[in-house]
Structures are given as structure tokens and as C-alpha cells.
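The values are calculated or read from the model by the stated rules, or taken from the named source; none is laboratory data. Treat the numbers as computed from the prediction; the structure is a model and nothing was measured. All Cβ positions, even for glycine, are placed from backbone atoms using ideal geometry, and neighbour counts span all protein chains on display.
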Amino acid sequence: MNGLQFEALLPYTLLAAASLVVILLIAFRLSHTVIQITGFILMCAVMVALLQASALLPVAIYPIFQIDGFALLFTGLLVLCVMVVGLFSFIYFEEREENPKEYYILLFLGTLGAAVLSISSHFISLFIGLELLSVSLYALIAYLRNRNNAVEAGIKYLVLAAISSAFLLFGMAMIYMETGSMEFATIAKKLQTSNGHSILFITGTGMMVVAIGFKLALAPFHLWAADVYEGAPTPVTAFIATASKIGVFAVLLRFFQTIGLSNYPMVITVFLVLAVASMIIGNLLALRQQNLKRLLAYSSIAHFGYLLVAFLPGNAAGVQVAVFYLLSYSITLLIAFGVITLLSSREQDTGDLALFRGLFWKKPVTAAVLTLALLSLAGIPLTGGFLAKFFVLATGAQQQLWFPVTVLVITSVIGLYYYLRVISTLFGEAVPTPVKKTLHPFFYLTTYTSLIVMVVLLCWLGTFPNDVIEYINRQLLIR
Amino acid sequence: MNIEYYIVLSIALFCIGIAGVLTRRNAIIIFMCIELMLNAVNLLLVAFSKMHHLKGVAANPNAGIDGQLFVFFIMVVAAAEVSVGLAIIVMMYRNVHSVDVNFLNRLKH
């Protein structure tokens, strides 16, 4: 490795160092506050390193990593999500856990896993990244060990994720058998020379799709989503819904593009079925939910269905739209989970919709923020969610994918119903709730500030998207 | 030996693993079945690695080495996964005094 490669890899090295720093801080018995602030500063350092590295790209660390503009965009998105999740975590864990500190080690390790996924161009780095992410998630989900539900959610995720990684490995082995290589570009080359439609290759890709579908909670593999979202601590739920899915989606996009899977009609059909099933099942099952966390779980299943419609074309426009969509989606979900974190009491997370009744009359700002997030999820104009959905529709229509586009429109209308139902609950008649113990106001201040900043960002994305789109385009050209 | 034998053996082991995960109720046995699935993949990778090595050794003495390399990564990751998994199972035992996964039915609506 030469100096240039080290420099390009610096953001990822810093991410790995962040968890080590937290371990050392714990060893010196420093307080939760110190660890929280150091973590935030370290994430800022990663962002600075990313900006520095963007001048050097593209850099390949052959054969396992490929650091280009695409990877940079996804890593930046991931780190932003984790910064916000870290901010929310303080008030959440400070009042619930006697040991809130180890949480940050796991959080940063999980982020490292997702970031490695975004730069990986080899099966080994893909697998290591995915497992770094999943193993940290097992522990994160079951972190509040005195709550029965957390352990239940942890075991459910653990068993299903382990099976899905076994499927992923089996699929990789099949593709390795066919091509004799594990590097994406070499596989693509081998496939061009040989007959790429062999049974082994298709079976292998299919088994990998099972694993990826599980991680993204796409429709036939979505059964874990609602339970895990509900049982996990709320900041961890936000992490699963944003960072873990962004990382997996990044590697899916890279694999898909490098191999040129859009030339295989079979694979396109499989993704089409997954997209349509996710949109329908996600939206229909969300209709009956009485718990906001479960509702958001089903809504995120549906949203990844929408995202797959943009992903299906497999060209540059699709990637650009996907990045924009992920950006607005993750901001929106972080706002929603941030509000749930703020409202949660010591004993249980405020998921039940009954607890949100009349929130507007008690906490108007929080309720307004949540309303805006839900409107963005529903795709109401002037929010980022609307434009994201519009771009997806436009890409789908350009490629004449009429069937998924029609399903998207119809299911969005169904989706509007349950989002509006939650909003109407917020404005219902208030029920008295017990006042809870308050922490130092500084942390409430930072949480509220981050919420407000994200709301502003969301509206900015929804009204003036040009700057962001230009930036995304510029970054995607570095390859 | 013919490569098909290895493929058939691995698929058989993999399927036994899946069947075990789906039918057994004991969390520890479910874990053993998952290990079986991972080891089926290891066997497959080593067999393929040898096959590609024999095929390409004339041109490149390192041909097919990444398959064997991958196996080491899988073994390490599987060990990490099991250690975290067993810790979670211990927590489950403390909460419900059993490792039967049928007790995990509270998250349902």
C-alpha cells in the first residue's frame, strides 16, 4: 500500500479508531458525557477526512476495496446518520442503563461495517463488512438486557441474520465455482467471455439476493422487521432503519453495476417481484398497526420497495435518484425515531399510538416535527419525500416500467391513509401523562436542535434540490 | 475426485442445517445447525479452490487461493457470531429460565 491509498482509506481507519478510543475512555472510567462528546468529535473528524479524501479519488486498493465518489457519498450519509443517532442515544441510555458506555463501541463498529460495505469490491470485504455490521447489531438490539422484549428481538434477528449470511456465502461459493474469482470486476470479465446464463451463476445470484433482501427487509424476507424494530432500543432502531440499510444498498448497487446484472432478464424479474411485493405488503400491513415503531417498520419495507423501482433501470440516473431517495428517507426516519426517543419513558418506549394522542396540545414543537416527518414519508409536496418519490417515478417512467410505477402510485395512496391516521391522533384530545425526570437541559437542547436542523434540511431538499443533485452527480462521476 | 460429489455433500449438509433451524425449538441446537450451514459452505469453498488451482496452476501458481483464504475469514466470523449469540442466549435463560424459542412470543400484534 502506498501513501495515497493510506490517505484515501483514512476515514475508514478513523472510524475503526473511534471504537478503540471509546474502549480506552471506558478503561479510564470517564463519564458518559465525555464519551458522547468525544464520539461526536470523532465522527466530525471522519467527515473532515472524507472531504479531504475526495480530492484524491478514485483510489483502488486492489482487489478488495474501491474508494470512489460513490463510496464517499454513501459513507458520508452513513456517518451523518450515526452522528444523529449518537446524539439521540445520550438521553435515551442515560436514564435506562447503568452501563451506557459500551453502546458507543458497538455503534461505531457497526458503522465501520456499513462503511466497509460501501467501498468493498470483493466478496471477502463484502462478507467482513456485513458481519461487522450484523454482529454489532445483535448486541445493540439486545442491549437493554433487562427488558424481555429486547432479548427476544435480539434472538430473532440473530438467528435470521445468521441464516441469511449462510445463504449469502453459499451464493458466493456458487459464483466462485462458475468464475474462479471473487472480485467483482474479474467476475464481470469472466461472465462476458463465458456463457453467463449458467444455472450455477443464476442460483448463486439468487441465494445472494435472499441475503440482501433479508438485510433490506424486502417483502418475502421482511418477517423480522416489525418485531426487531419494536423490541430494539429506539436509537438502535433508527440505526437499523438507516445506516445498516444504506450500507447494504450501497454494496448491492455496486455489485449490480459492476457485474451488469441489468443484462440478465431473470434477475430483473426477481427484483421487480421483490419491489412490487414490498410495496404492497409493506403498505397493507402498516394499515393495521397500533404501534408507531411497527408502523414505521412496515413503512420502511414499502419505502425500499419504492427505492428498488429506481434501482431497476441500473443506469447512472437510477443511482443518482437512489442516493437522493436514501438521503431524504434517512433524514425523515431519523426525525421520526428522534421524536419517539424524546417521548419515551424509562419503563418502555413510546410506541403505542394511544400515547401520542393529543401530543400537539402538550408539546406543539415535537408534534409539528413528527407531523412533518410523516408528511414527508407520505410524499406530500414541499418535503424531501415528495421529490424523492417524484424522481423515482420519473426514472421508472423513462424506462417504461409501467407495472411497478402503477403499483407505486396506488400503494402510495394507501400509505397516505395510515400516515394521516397518526397525524390525526396527534391532534386528538389530550390525556394526562405523568411528568418524567429531566436530565441536564443541554442534551435536550442538542436533541431538539438536531431535530429542527433536520426538519429544515428536509424542507430544503423538498424545495431547492438542485444543489444536492448537482453535488451527487459530481461525486458519482469520480470513478 | 469428481467435483460433483463435493457439491452434493455440501448441499446435503446445508439442507440438514436449514431443516434443523426450521424444526428445532432449542436455541442452542438452532445455533449448531447454523454452524453446520456455514461449514457446508467452507467445504464447498475448499473444494472449488482446489479445483480452480488444478485448472490454473500452469499459468499462475497462486490460482484458486482466494477460496481457501475466504474459509479462514468465515471461520473467524462464525466464532465471533457464536460468542455474541451464546451471550444473548444466556440473557434469555436469565429472563425466562429456558432456552426454548417458543417462549419468545411477546412481540406480536
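Observations
- Residue in the range A:126-137 that is aromatic (Phe, Trp, Tyr), within 14 Å of chain B (Cβ to nearest Cβ) and in contact with a Ser or Thr (Cβ under 8 Å, 6 or more places away or on another chain) present: yes
- Annotation note: of A:Asn473, A:Asn466, the sole residue that is over 20 Å from the mean Cα position of the chain (by Cα), at pLDDT below 85, under 27 Å from A:Gly76 (Cβ atoms) and surrounded by fewer than 18 Cβ atoms within 10 Å (Cβ to Cβ) is A:Asn473.
- Inclusion of A:Ile410 among residues that are part of a loop (DSSP other than H, G, I, E, B), modelled with pLDDT of 85 or more and closer than 17 Å to A:Ala302 by Cβ is not warranted.
- Here A:Phe390 meets the list (1) under 23 Å from A:Ala316 (Cα atoms); (2) at pLDDT below 85; (3) under 24 Å from the mean Cα position of the chain (by Cα) almost entirely, failing just condition (2).
- Qualifying residue in the range A:139-162 (condition: more than 10 Å from every other protein chain (Cβ to nearest Cβ), part of a helix (DSSP H, G or I) and more than 17 Å from the chain's Cα centre (by Cα)): no
- Residue in the range A:96-115 that is in contact with an Asp or Glu (Cβ under 9 Å, 6 or more places away or on another chain), in a helix (DSSP H, G or I) and touching a residue at least 60 places away in the same chain (Cβ under 8 Å) present: yes
- Test: A:Pro220 is crowded, with 24+ Cβ neighbours inside 10 Å and assigned to a helix (DSSP H, G or I): no
- Whether a residue is within 14 Å of chain B (Cβ to nearest Cβ) and at pLDDT below 90 was assessed, and A:Arg288 passes this test.
- Looking only at the range A:214-237, and only at residues there that are without any contact (Cβ under 8 Å) to a residue 60 or more places away in the chain and under 16 Å from A:Val248 (Cβ atoms), the one that is nearest to the chain's Cα centre (by Cα): A:Phe214
- Positions within the range A:72-119 being within 15 Å of the chain's Cα centre (by Cα) and closer than 22 Å to A:Arg474 by Cβ, in sequence order: A:Leu73, A:Phe74, A:Thr75, A:Gly76, A:Leu77, A:Leu78, A:Val79, A:Leu80, A:Cys81, A:Ala115, A:Ser118
- Residue match in the range A:118-125 (condition: surrounded by fewer than 24 Cβ atoms within 10 Å (Cβ to Cβ), within 14 Å of chain B (Cβ to nearest Cβ), among the hydrophobic types (A, V, I, L, M, F, W, C) and touching a residue at least 24 places away in the same chain (Cβ under 8 Å)): yes
- Any hit, the range A:290-307, residues being surrounded by fewer than 21 Cβ atoms within 10 Å (Cβ to Cβ) and closer than 21 Å to A:Asn149 by Cα: yes
- Every listed requirement among (1) more than 9 Å from chain A (Cβ to nearest Cβ); (2) free of Cβ contacts under 8 Å to residues at least 24 places away in the same chain; (3) closer than 28 Å to A:Val151 by Cβ is met by B:Val21 save one, (1).
- Candidate set: the range A:34-55, residues that are in a helix (DSSP H, G or I) and of a type in the set (S, T, N, Q); chosen: the one surrounded by the most Cβ atoms within 10 Å (Cβ to Cβ): A:Gln36
- Applying the set (1) touching a residue at least 24 places away in the same chain (Cβ under 8 Å); (2) in a helix (DSSP H, G or I); (3) surrounded by fewer than 24 Cβ atoms within 10 Å (Cβ to Cβ) to A:Gly396 leaves exactly one unmet item: (3).
- Pairs where the first residue, in the range B:59-88, is more than 9 Å from every other protein chain (Cβ to nearest Cβ) and the second is exposed (fewer than 13 other Cβ atoms within 10 Å of the Cβ) and basic (Lys, Arg), C-beta under 8 Å, 6+ apart: none
- Test: residue in the range A:340-356 that is within 18 Å of A:Thr449 (Cα to Cα), modelled with pLDDT of 85 or more and within 16 Å of the chain's Cα centre (by Cα): no
- Any chance B:Lys50 is free of Cβ contacts under 8 Å to residues at least 24 places away in the same chain, surrounded by fewer than 18 Cβ atoms within 10 Å (Cβ to Cβ), among the charged types (D, E, K, R) and within 11 Å of chain A (Cβ to nearest Cβ): no
- Taking every residue in the range A:345-373 that is surrounded by fewer than 18 Cβ atoms within 10 Å (Cβ to Cβ) and pairing it with any residue that is of a type in the set (Lys, Arg), at least 6 positions away or on another chain, the pairs with Cβ-Cβ distances below 6 Å are A:Ser345/A:Lys436.
- Criterion (more than 19 Å from A:Phe90 (Cβ to Cβ) and in contact with a strand residue (DSSP E or B) (Cβ under 6 Å, 6 or more places away or on another chain)) met by exactly one of A:Ala53, A:Ala49, A:Ala16, A:Ala8: A:Ala8
- Of the residues A:Thr446, A:Thr366, the single one that is assigned to a helix (DSSP H, G or I), of a type in the set (Ser, Thr, Tyr), farther than 26 Å from A:Ala354 by Cβ and in contact with a helix residue (DSSP H, G or I) (Cβ under 7 Å, 6 or more places away or on another chain) is A:Thr446.
- Residue within the range A:11-33 that is of a type outside the set (Asp, Glu), surrounded by fewer than 20 Cβ atoms within 10 Å (Cβ to Cβ), closer than 22 Å to A:Gly129 by Cβ and modelled with pLDDT under 90 present: no
- Filter result (within 8 Å of chain A (Cβ to nearest Cβ) and among the polar types (S, T, N, Q)) within the range B:89-104: B:Asn95
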